[in-house]
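Colleague: If you scroll down you'll find the structure; I have some questions about it.
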Amino acid sequence: MVSVWSAPALIRLARGLKARTPETHIVFGGPSARTAFFDLPPYAGAADYLDAVCEGDGEVIFCEIATAEPGRAALAAIPGLALPVPGGWIRTGPAVPVD
């Protein structure tokens, strides 16, 4: 989970992890995980270190991520994510409602 206070440390960790193991899915979620946040200058370039942002309830979404094939292409099939691309974001559609 990302919060405003933990973001700098988590983003440093994500940058290092993605550099060492690029096949690892790095997904941020939680109340402060918003695409607008990752567009701010200190965190810009999300496509280099982040595979997706879960902006809503993540219970179903993170189960799907855990069973997805490695790589960003598999995440594009999971509803409820925002995927960083150079210059913006691609949304995968509305998330499945949590009962």
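Colleague: Of all the accessible heavy-atom surface of the chain, with the other protein chains kept in place and a 1.4 Å probe, what percent is carbon and sulfur?
Modeller: Carbon and sulfur together cover 64 percent of it.
Colleague: Moving on to the next point. Going by amide H atoms built from the backbone, whose H comes under 5 Å of the H on S6, apart from near neighbours?
Modeller: Amide H neighbours of S6: none.
Colleague: Taking segment 26-95 as the region of interest, what is the percent of Cα-Cα pairs per 5 angstrom bin, listed from the shortest bin to the one with the maximum distance?
Modeller: That works out to 3, 18, 32, 26, 14, 5, 0, in percent per bin.
Colleague: Testing the spin-label approximation: label points 7 Å from Cα along Cα→Cβ at R20 and A77. State their distance in nm.
Modeller: Result: 3.0 nm between the two label points.
Colleague: Now a separate question. Keeping all protein chains in place, calculate the accessible area per residue for the chain (probe 1.4 angstrom), answer in Å².
Modeller: That works out to 57 Å² per residue.
The values are calculated or read from the model by the stated rules, or taken from the named source; none is laboratory data. None of these values were measured; they are calculated from a predicted model. Don't worry about glycine lacking a Cβ; one is built from the backbone with ideal geometry, like all the others, and counts go over all protein chains shown. Ligands, DNA and RNA are excluded from the accessible area calculation, which covers all protein heavy atoms including side chains. Shrake-Rupley method; radii C 1.70, N 1.55, O 1.52, S 1.80 Å.
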